[in-house]
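The values are calculated or read from the model by the stated rules, or taken from the named source; none is laboratory data. Computed from a prediction, not measured in an experiment: that's the story for all the values here. Ligands, DNA and RNA are excluded from the accessible area calculation, which covers all protein heavy atoms including side chains. Shrake-Rupley method; radii C 1.70, N 1.55, O 1.52, S 1.80 Å.
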Amino acid sequence: TGGYSAYSNEDSATTPLSVPSSLKAREVSAGRIDLSWSDNSAAESGYKIERKAGSSGVYSQVAVVGANSVAWSNAGLSASSTYYYRVRAYNSTGNSDYSNESSATTLAVSAGSSGGSSGGGCFVSSLL
């Protein structure tokens with residue numbers, strides 16, 4: 001049984017990381033998209049998040065989050081723009097395959113605020 005144990009340990013050390021699944025991108029505002037996914041791996045060190053702008057863009061890494069993370073918020077985006085995302089787990093042995101791709105389009109800037117600062121402040125103060 002000693003040989004079998006050694007083989008099992010060696011085999012599990014080279015088992016690939018499980019791919020994160022069910023990636024969903026959701027627009028929150030004109031400058032923010034929230035991501036969520038399923039953590040399917042027990043051995044990850046964290047997740048690498050990649051984004052591209054538009055369907056013909058090139059993916060680049062925009063964030064690294066810790067182990068067991070299942071969500072991330074991407075702020076500072078341009079209004080009325082479509083962004084595509086993918087996520088993969090990583091650890092000292094390498095990276096998992098990529099999750100599904102998910103996209104969302106940031107909201108448009110409100111058309112009713114052509115006067116600049118008059119819109120939001122008046123509305124908030126009327127609630128007080």
Subject >> Ser78 being open to solvent by less than 70 Å² (accessible area, probe 1.4 Å), assigned to a loop (DSSP other than H, G, I, E, B) and at pLDDT 95 or above >> reply: yes
Subject >> Residues (assigned to a loop (DSSP other than H, G, I, E, B) and open to solvent by 50 Å² or more (accessible area, probe 1.4 Å)) located in the stretch 40-57 >> reply: Asn40, Ala42, Ala43, Ser45, Ser55, Ser56
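Does Glu27 satisfy the criteria of being at pLDDT 95 or above, charged (D, E, K, R) and open to solvent by 50 Å² or more (accessible area, probe 1.4 Å)? Before you say what the answer is, go through the steps one by one.
On the way: at pLDDT 95 or above: yes; charged (D, E, K, R): yes; open to solvent by 50 Å² or more (accessible area, probe 1.4 Å): yes.
When the stated conditions are applied, Glu27 passes them.
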Original post:
Applying the selection to the stretch 60-75, what residues are open to solvent by less than 40 Å² (accessible area, probe 1.4 Å) and not in a strand (DSSP E or B)?
Top reply: Ser69
Subject >> Number of the exception - Val64 against (1) more than 11 Å from the chain's Cα centre (by Cα); (2) farther than 14 Å from Ser102 by Cα >> reply: (1)
